[in-house]
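Asker: Provided herewith is a single structure, encoded as structure tokens, for subsequent inquiry.
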Amino acid sequence: MPSGANQKIKVVIDTNVFVSGLTFAGKPREVLDLVWNGEIEVYISPFIFSELEKALKVVFGWSNNQIEQAIKEIKDKTILVEPKNRVHAVTRKDDDNRILECAFEAKANYLITGDKKHLLPLKEYQEVKIVPPMEFLGILFLNAF
């Protein structure tokens, strides 16, 4: 947890949380509201942007214009990192290692994900706590007092 009153919690948001927050109401949307309001420091990688674009287009049928607008808004509110180290913590789905690489490179406090199959079972990776949106919101609320 960051110390000092002005330090924001550093997070990486998994693609599935971005997609859910952009397309539905609920806890992922609440996490994205924290991003839009500048209440958390969010790191993102080119891989996450690529995955996000693909999901919005292929799965949800967003237009190129809608996708460009969403990506621009996210770029305006996040810090881009280019992971230098490869991670091999997830054996069944290598793409999830790209998300961990971003979190490790950013020295994030939290990785927020809805991935119950591969990422959440890890609970933590290299001091990055891996939590679902609801748990993260609870942690943030508790630390506000």
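Asker: Taking all pairs of different Cα atoms in the chain, averaging 1/r and flipping that mean, what Kirkwood radius in angstroms comes out?
Answerer: This gives a value of 15.3 Å.
Asker: How large is ³J(HN,Hα) for each residue in the range 30-35, as worked out from phi by the Karplus curve 6.51 cos²θ - 1.76 cosθ + 1.60 (θ = phi - 60°), to whole Hz, x for Gly and Pro?
Answerer: Along the range 30-35, the couplings run 4, 5, 5, 4, 5, 5 Hz.
Asker: While we're on this one: Residues with amide H under 5 Å of Tyr125's amide H, sequence separation 5 or more or different chain, H placed in the peptide plane at 1.01 Å from N; which?
Answerer: Hits under the 5 Å cutoff: Ile130.
Asker: If you don't mind, another one. Students often check this: by mean Cβ neighbours within 10 Å, which of 73-79, 49-55, 18-24 ranks highest, and how do the rest follow?
Answerer: 18-24, 49-55, 73-79
Asker: Based on alpha-carbon atoms only, what is the radius of gyration of the range 95-145 relative to the globular estimate 2.2 N^0.38 Å?
Answerer: 1.12
Asker: Follow-up. Kindly write out, for the range 14-20 in residue order, the coupling ³J(HN,Hα) from the Karplus curve 6.51 cos²θ - 1.76 cosθ + 1.60 (θ = phi - 60°), rounded to whole Hz, with x marking Gly and Pro.
Answerer: 5, 3, 5, 6, 4, 4, 4
Asker: By the gyration tensor of its Cα atoms, with a ≥ b ≥ c the square roots of the eigenvalues, what is the shape of the range 44-119: rounded for a/c under 1.5, prolate for a/b over b/c, or oblate?
Answerer: oblate
Computed from the coordinates by the stated procedures, all read-outs in this text should not be read as laboratory data. Keep in mind it's a predicted model, so treat the numbers as computed, not measured. Quick reminder, even Gly has a Cβ in these numbers, built from the backbone with ideal geometry, and neighbours come from all protein chains shown.
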